[in-house]
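For reference, the structure discussed in these notes is given below.
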Amino acid sequence: MIQKLCRHGDDLVLVFNREMLASFGIDEETPLQVSVTGTTVNVTPQRADDATSADRKARFERALESTLTRYEKTLRKLAE
């Protein structure tokens, strides 16, 4: 689907029609995560059950610590 940006005051906006909103399962109250990778813009609904950034970081740090503890000898040998 190709869409053009619309002017809204001094800004440009991308308008999602009702059908698109319904298919995404979002409404005007849904927080959206917007990220840019190269020339691609990704818009992802932020769901209440999504892990927060702090939760992901804490899980990663626990997994890292567990891995380092479990494979310490092997990792040291590989580092030599």
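Among the residues that make up the range 70-77, is at least one of them surrounded by 10 or more Cβ atoms within 10 Å (Cβ to Cβ) and among the charged types (D, E, K, R)?
Pass one, the range 70-77, residues surrounded by 10 or more Cβ atoms within 10 Å (Cβ to Cβ): 70-72, 75.
Now narrow it down to the ones that are among the charged types (D, E, K, R): 70, 72.
Within the range 70-77 (the criterion being surrounded by 10 or more Cβ atoms within 10 Å (Cβ to Cβ) and among the charged types (D, E, K, R)), the answer is yes, since at least one residue qualifies.
How many residues are aliphatic (A, V, I, L, M), at pLDDT 90 or above and not in a strand (DSSP E or B) if we restrict to the range 37-53?
Final tally of qualifying residues: 0.
Name the residues in the range 17-43 that are of a type outside the set (S, T, N, Q), in contact with a strand residue (DSSP E or B) (Cβ under 8 Å, 6 or more places away or on another chain) and surrounded by fewer than 10 Cβ atoms within 10 Å (Cβ to Cβ), would you? Walk me through how you get there before you give the answer.
If we filter the range 17-43 for residues that are of a type outside the set (S, T, N, Q), which is where we start, we get 18-22, 24-29, 31-32, 34, 36, 38, 41, 43.
Narrowing further to those that are in contact with a strand residue (DSSP E or B) (Cβ under 8 Å, 6 or more places away or on another chain): 24-26, 31-32, 34, 36, 41, 43.
Residues satisfying the conditions are GLY25, VAL34, VAL36.
In the list ASP55, ASP10, which residue meets the criterion of being within 24 Å of the chain's Cα centre (by Cα) and acidic (Asp, Glu)? Don't jump to the end; show me each part of the working.
Numbers: ASP10 fails: within 24 Å of the chain's Cα centre (by Cα).
Matching residue, one of ASP55, ASP10: ASP55.
Test THR67 against the stated conditions and say whether it is surrounded by 10 or more Cβ atoms within 10 Å (Cβ to Cβ), free of Cβ contacts under 8 Å to residues at least 24 places away in the same chain and among the polar types (S, T, N, Q). If you could, list the steps in order and put the result at the bottom.
Values: surrounded by 10 or more Cβ atoms within 10 Å (Cβ to Cβ): yes; free of Cβ contacts under 8 Å to residues at least 24 places away in the same chain: yes; among the polar types (S, T, N, Q): yes.
Taking the combined requirement at face value, the residue satisfies it.
Of all residues in the range 1-16, which are assigned to a loop (DSSP other than H, G, I, E, B) and loosely packed, with under 10 Cβ neighbours inside 10 Å? Walk me through how you get there before you give the answer.
Here is the first cut: in the range 1-16, the residues assigned to a loop (DSSP other than H, G, I, E, B) are 1-5, 9-10, 14-16.
Across the range 1-16, the qualifying residues are MET1, ILE2, LYS4, GLY9, ASP10.
The values are calculated or read from the model by the stated rules, or taken from the named source; none is laboratory data. Just so it is clear, the structure is predicted and the values come from calculations on it, not from any experiment. Please note: Cβ atoms are built from the backbone with ideal geometry, for glycine as well, and neighbour counts cover all protein chains shown.
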